[in-house]
Amino acid sequence: MTIAAAGQHSMARLWWRWPAGVVVLAATVFAGTCIGETAIPLSVVVQTLANKVVGATYPLDPIDMGIVWNYRLPRALVAASCGAGLALSGLVLQSLLRNALADPYLLGISAGASTGAVTVTIAGIGGGAVSMSLGAFAGALTAFLLVALLAKAAGGGVSARGTGQIILAGIAGSQLFNALTSFIITKSANAEQARGIMFWLLGNLSGVRWPDVTLAVPVAAIGLVAGVWYARALDAFAFGAESAASLGVPVRTVQTVLIGLTALVTAVMVSIVGSIGFVGLVIPHAARFVVGVRHGRLVPATALTGAAFLMAADVLSRTMIPGQVLPIGVITALVGAPAFALILLRGRRRP
Amino acid sequence: MTFPRLALAAASLALLTAHAAAEPTKYPLTLENCGETITFDKAPATTVTVGQAATEALYALGLGDKVTGTSVWFTDVLPEHKSINDKVERLADNDPSFESVVARKPGLVAVQFIWHVGPEGIVATREQFHEVGIPTYVMPADCVAKDNSVGSDGTRIATFSTETIHQGVRELAEIFDVQEKGEEVVADLVKREADAVERAKALDLKDVSAVFWFSSADMNIDPYVAGQKGGPAYMLNKLGVRNIVESDEEWPVVGWETIAKANPTIIIIARMDRRRFPADDYEKKLEFLKTDPVASQMEAVKNNRIVVMDAHAMDATMRTVSGIEVLADALVDLGIAK
């Protein structure tokens, strides 16, 4: 078969990209650990990692060591997990719904998370005992469940019309929850609070610690495993649900499981770092330009690109303006949009 | 007699003279106030306040019986004003509506923060009040040397000084024709501040640094800390302590990495009644400082040099002076002079 042969050919030609990808990932994590708001010498970073990982006993300033090990490294790892998780969610939704504009927030998750966060902070539900993250997670899941119910009731499913209904239900849900957020903010916030919320809505990695790593990394890993597991099913969906069904793919089950998983992955990421835009929409396209449309390669490539991109964006957000940390969502869009434009222009010239 | 003592004596004498010279207000009275010219034909019979600092300034001037409504409360009223405050209706804990203020038909609306009545005023613009014949007075602490068109809380052009607090008290006293009382209140503020500064100067502090932690949007997230030009910066300057935060914003967000690396000698944390963020609770702030793997390594935390201060003292109000007193006493008690 010519298509399979072409695939194997490019697979063989591109084998070196996998180790290269892992090296890029490791290098980006290391860069994220070395670069921060303050200057810490490279030797101190290396010695800290040696102390913590292989049990060396270099005498180091506890504050320097703490900054490297407890602030920067978890931050880099969570950035990587979020980048991978969001990019994968975007990819899966784009493939399942056969819509190039699908992103992880399509099904109301980001809007719901915002509503949850402002309900906790500004409206004061929970009296300070419930954290903003927990509120965001609850809000995200509530919004998703509502959207899912609406989609089901409106005849959402695997057919072309069905996927359209799912997207429309997502739009309705997002609009509703965005309106609720604005309502709560205008009703009871003052300028100082609104600023705190804005900072969070645009994404914020400054509060990340090791417990967040133990949540984000496994969730991203689950997303990756599921993506690889269903790679062939996702390939089949590209030709439409009927073709997929004729190839023996249990279309309804796959769609339900994968949409549920993307919702969970996205909700966890949003509750840890806020709504970081752009990654989930654009990274899958970028990866597709590089490795093609076959999900066996596209899924790992998307995860890797998303991880490296978000870590790089985080490093930029801490260094672009000295002494000030920019919201990471600003960076992902500022840097990502022109980069994406370049990819688009390059792609046009391809046969 | 040391120099500060002498200066204090001179200052007291000067104030005494001013006190003796306080004359009744001549109406019509015209004042320049935060970019507006306001005129009074006679002392206002009643007033509604927007902002706790304006409310407490009027109480301090003995004008409690003229206040017919209050709003924008941050914390409990000062204990010495409790009995009079109990008799005054609270229009709103937060921002009052335009109509609820106008319905009182006040002779004056006294305002703490310009953003309540500025061009995008949450309550109304000053013009809207002036159109219905109600003059407005904004406490000068929120507009002198401050550009309120930049930044969400406005941006200070020059460092805040308690002189703007004194100006506010004096001008309110003039509007209500209680100038003698005004001079008395100002003299008391000046004396308390000078006493506190003298206590700190006696310690002969060298290379002592500090950070003011107001709150954080989430527990581990980069905190809101005091910048170089607001009330807290003024306190530190006066007492000879260096602020580790270099930003000119009033309450910038600065990362814990930067704060820990700067390793301040003391940490001042805000105590407030507000409970919107978990970190509003000063106990939660203490817990974070003691348990965070990096913050707990700071000298100030290891040596338990943490000062709890009322958040309202960190705003530009009459309470700034009690903030200076709290900090001066803490410097003495913590025994860091050496």
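Only the coordinates and a few stated rules stand behind these numbers; no lab work does. This is a predicted model, so every value here is computed, not measured. All Cβ positions, even for glycine, are placed from backbone atoms using ideal geometry, and neighbour counts span all protein chains on display.
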Where Rh is the Kirkwood radius over Cα pairs, Rg/Rh for the stretch B:21-193: 0.93
Using 7 Å Cα-to-Cβ label points, what is the A:Leu42/B:Lys201 separation (nm, one decimal)? 5.1 nm
Show which aspartates and glutamates lie in cross-link reach of A:Lys187 when reach means a straight Cα distance below 17 angstrom and same-chain residues fewer than eight apart are skipped. B:Asp93, B:Asp95, B:Glu99, B:Glu120
Using only Cα atoms, figure out Rg for chain B and give it as a multiple of 2.2 N^0.38 Å. 1.03
From the cross-link list B:Lys191/B:Lys302; B:Lys201/B:Lys229; B:Lys87/B:Lys181; B:Lys82/B:Lys191, which pairs have alpha carbons spaced over 27 Å apart? B:Lys191/B:Lys302
Sorted from largest down, give the three principal axis spans of the alpha carbons of chain A, whole angstrom values. 64, 56, 37
Computed [θ] at 222 nm, helices only, for chain B once each DSSP H run of length n ≥ 4 contributes -39500 (n - 2.57): -11000 deg cm²/dmol
Given a Förster distance of 45 Å, the FRET efficiency implied by the Cβ-Cβ spacing of B:His130 and A:Leu134, rounded to the nearest 0.05, works out to 0.45
Amide H neighbours of B:Ser209 under 5 Å, at least 5 residues apart or on other chains, H built in the peptide plane: list them. B:Arg242, B:Thr265, B:Ile266
Excluding the sites themselves, what is the longest stretch of chain A that contains no chymotrypsin sites (Phe, Trp or Tyr not before Pro) in a DSSP loop with at most 15 other C-beta atoms within 10 Å? A:17-238
By counting other Cβ atoms within 10 Å of each Cβ, how are A:Met65, B:Met219 ranked from fewest to most? B:Met219, A:Met65
Placed amide H near B:Val111: partners under 5 Å, 5+ positions off or other chain: B:Val50, B:Tyr137, B:Val138, B:Met139
21 Å Cα-Cα reach of A:Lys52 towards lysines, excluding residues that sit fewer than 8 places from it in its own chain: B:Lys261
Extend 7 Å from the Cα of A:Ala160 along its Cα-to-C-beta direction; within the stretch A:227-268, residues with backbone N under 16 Å of that point are A:237-245
Using a Gaussian network model of chain B with C-alpha springs under 10 Å, which one of B:Phe212, B:Phe160, B:Phe288 is most mobile by mean-square fluctuation? B:Phe288
Extend 7 Å from the Cα of B:Thr75 along its Cα-to-C-beta direction; within the stretch B:299-314, residues with backbone N under 12 Å of that point are B:308-314
Footprinting exposure proxy for B:Cys34, A:Cys34 (fewest neighbouring C-beta atoms within 10 Å first): A:Cys34, B:Cys34
FRET efficiency, 1/(1 + (r/R0)^6) with R0 22 Å, evaluated for B:Arg274 and A:Thr186 via beta carbons: 0.70
Quick one: which residues, 5+ away or cross-chain, put their amide H under 5 Å from the amide H of B:Asn33? H built at 1.01 Å from N. B:Ile38
Exactly which GluC sites (Glu not before Pro) in the stretch B:178-269 are in a DSSP loop and have at most 13 other Cβ atoms within 10 Å? B:Glu246
Can you sort A:Ser174, A:Ser317, B:Ser83 from fewest to most other Cβ atoms within 10 Å of each residue's own Cβ? B:Ser83, A:Ser174, A:Ser317
On the formula 1/(1 + (r/R0)^6), with r taken between the Cβ atoms of B:Ser83 and B:Lys191 and R0 of 25 Å, the FRET efficiency rounded to 0.05 is 0.50
What spacing in nm lies between the two simple spin-label points modelled at A:Thr57 and B:Ala145, each 7 Å away from Cα in the Cβ direction? 5.5 nm
Only Cα pairs under 8 Å and at least 6 apart count here; give the relative contact order of the stretch B:21-193 as a rounded whole percent. 23 percent
Over chain A, what is the relative contact order in percent, taking alpha-carbon pairs closer than 8 angstrom and at least six residues apart? 27 percent
Go through the stretch B:14-111 and name the trypsin sites (Lys or Arg not before Pro) that are in a DSSP coil and have 10 or fewer other Cβ atoms within 10 Å of their Cβ. B:Lys26, B:Lys87
Highest-fluctuation residue, B:Ala124, B:Ala233, B:Ala202 considered, GNM on chain B with Cα pairs under 10 Å: B:Ala202
